[in-house]
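Step one of this worksheet: look at the structure below.
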Amino acid sequence: EDIIGLPVTTLIPPDRHDEESDIAERMRRGDRIEHYETLRRHRDGRPIEISLSVSPTRDAGGEITGASKIARDITGRKADAHRVSQLQNELLHATRLASTGQLGAALAHELNQPLTAILNYTGVLQELGAHLAGADGELLRDVVRRVAEQTERAGEIIRRLRGFVAKREPERRMQPLNDAIGEAIALSLIGTIDGGVRLKSEFAAALPAVLIDKVQIQQVMINLLRNAVEAMRDSAERTLTVTTARDGETFVRVSIADTGSGIAPEVAAMLFQPFVTTKGDGLGIGLSICRTIIESHGGRLWTQANEGSGTVFHFRLPLAPDEAGTRGR
């Protein structure tokens, strides 16, 4: 009685009036609409989430004369689904803490003391090296400086690990992806190139910057690169290929390919689960942490067989909205 004689748009929020035009056009074509989720207005004005089904009505001659609509109130169902999603996220976080939290906290606590000691000893070496002249003195000072830099980097990684376990947001900044990946390669492959590993890097030119926590993404790279080198330990051909590329309009992709023995299908299916490893002495949490880091950036990490032999790990990261919008235009 309240609605008879009024236009159907009375039931539709003002910002969704265009929907009715689209529905009418589809009805004229004889289409059906099933389970289309949208919003409609309650008699008191508040929006209601509904599932809309619409079918054309026809006369005896088969001509379309109107439309029959069924609107099901799904507000409760959507609220339940949202709550289930929240519970799943909480469970995922609890699982992450259970798999990595205790180990990460213990490692952070235990490693802080030796790292502090290393920095102290490095300070002593710097003082001693300051008095040495010639090429040997210069070499010593350069090596000590590098040791200090990497020790401080290790301390920074531990601090980020604590933040990761504590569910704090990563410290993200706009970063040139190729530069970040290049630094990670340099850090992770020290000593391996001379050991028979051939590195091929294929970086896409003019990649837009990405919004990332540089330390976390570099830790992912270091883990994947070292896994790749270890996978090729007994291979006759030991080629490591790292590529960066655009992945559609809104993502960039990094790929790490090795020529190792590959991964058995039954292991590959659960490779990113905690405590699954192909290493005899591995804990099986590295790839799980890597996946969680990438997913926390809005990306994805996956693997596939390499052509010929070996394995390829891919991860992709979303472009910042401004970068994606600029490229899209």
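Conditions (1) at pLDDT 90 or above; (2) among the acidic types (Asp, Glu); (3) within 23 Å of ARG32 (Cα to Cα); (4) surrounded by 12 or more Cβ atoms within 10 Å (Cβ to Cβ), marked per residue:
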| position | (1), (2), (3), (4) |
| --- | --- |
| VAL54 | yes, no, yes, yes |
| THR57 | yes, no, yes, no |
| ALA67 | no, no, yes, yes |
| ALA79 | no, no, no, no |
| SER85 | no, no, no, no |
| ASN89 | no, no, no, no |
| LEU92 | no, no, no, yes |
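Answer yes or no: is there a residue in segment 5-25 that is open to solvent by 70 Å² or more (accessible area, probe 1.4 Å) and small (Gly, Ala, Ser). Yes, because at least one residue in segment 5-25 is open to solvent by 70 Å² or more (accessible area, probe 1.4 Å) and small (Gly, Ala, Ser). Check segment 15-31 and report whether any residue there is on the phi < 0 side of the Ramachandran plot, without any contact (Cβ under 8 Å) to a residue 12 or more places away in the chain and part of a loop (DSSP other than H, G, I, E, B). Scanning segment 15-31 turns up at least one residue that is on the phi < 0 side of the Ramachandran plot, without any contact (Cβ under 8 Å) to a residue 12 or more places away in the chain and part of a loop (DSSP other than H, G, I, E, B). Selection within segment 285-302: residues that are at pLDDT 90 or above, open to solvent by 30 Å² or more (accessible area, probe 1.4 Å) and closer than 25 Å to THR259 by Cα. The member of this set that is nearest to the chain's Cα centre (by Cα) is ARG300. Among residues of segment 309-329 that are at pLDDT 95 or above, none has a Cβ under 7 angstrom from a residue that is open to solvent by 10 Å² or more (accessible area, probe 1.4 Å) and assigned to a helix (DSSP H, G or I) at a sequence gap of 6+ or on a separate chain.
Of the residues in segment 223-245, not one is touching a helix residue (DSSP H, G or I) at 6+ places or on another chain (Cβ under 6 Å), part of a loop (DSSP other than H, G, I, E, B) and at pLDDT below 90. Contact map, segment 238-259: first residue touching a residue at least 60 places away in the same chain (Cβ under 8 Å) and over 13 Å from VAL210 (Cα atoms), second residue open to solvent by 40 Å² or more (accessible area, probe 1.4 Å) and among the polar types (S, T, N, Q), Cβ cut-off under 7 Å, separation 6 or more or different chains; pairs are VAL242/SER201.
Yes/no per residue for (1) in contact with an Asp or Glu (Cβ under 6 Å, 6 or more places away or on another chain); (2) open to solvent by less than 50 Å² (accessible area, probe 1.4 Å); (3) part of a loop (DSSP other than H, G, I, E, B); (4) at pLDDT 80 or above:
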{"position": "GLY123", "(1), (2), (3), (4)": "no, yes, no, yes"}
{"position": "GLU127", "(1), (2), (3), (4)": "no, no, no, yes"}
{"position": "GLY137", "(1), (2), (3), (4)": "no, yes, no, yes"}
{"position": "ALA154", "(1), (2), (3), (4)": "no, yes, no, yes"}
{"position": "LEU161", "(1), (2), (3), (4)": "no, yes, no, no"}
{"position": "PHE164", "(1), (2), (3), (4)": "no, yes, no, no"}
{"position": "MET174", "(1), (2), (3), (4)": "no, no, no, yes"}
{"position": "ASN178", "(1), (2), (3), (4)": "no, yes, no, yes"}
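The values are calculated or read from the model by the stated rules, or taken from the named source; none is laboratory data. Model, not experiment: these values are computed from the prediction. We place every Cβ from the backbone using ideal geometry, glycine too, and count neighbours over all the protein chains shown. Note: accessible area is taken over every heavy atom of the protein model, side chains too, but ligands, DNA and RNA are not part of it. Shrake-Rupley method; radii C 1.70, N 1.55, O 1.52, S 1.80 Å.
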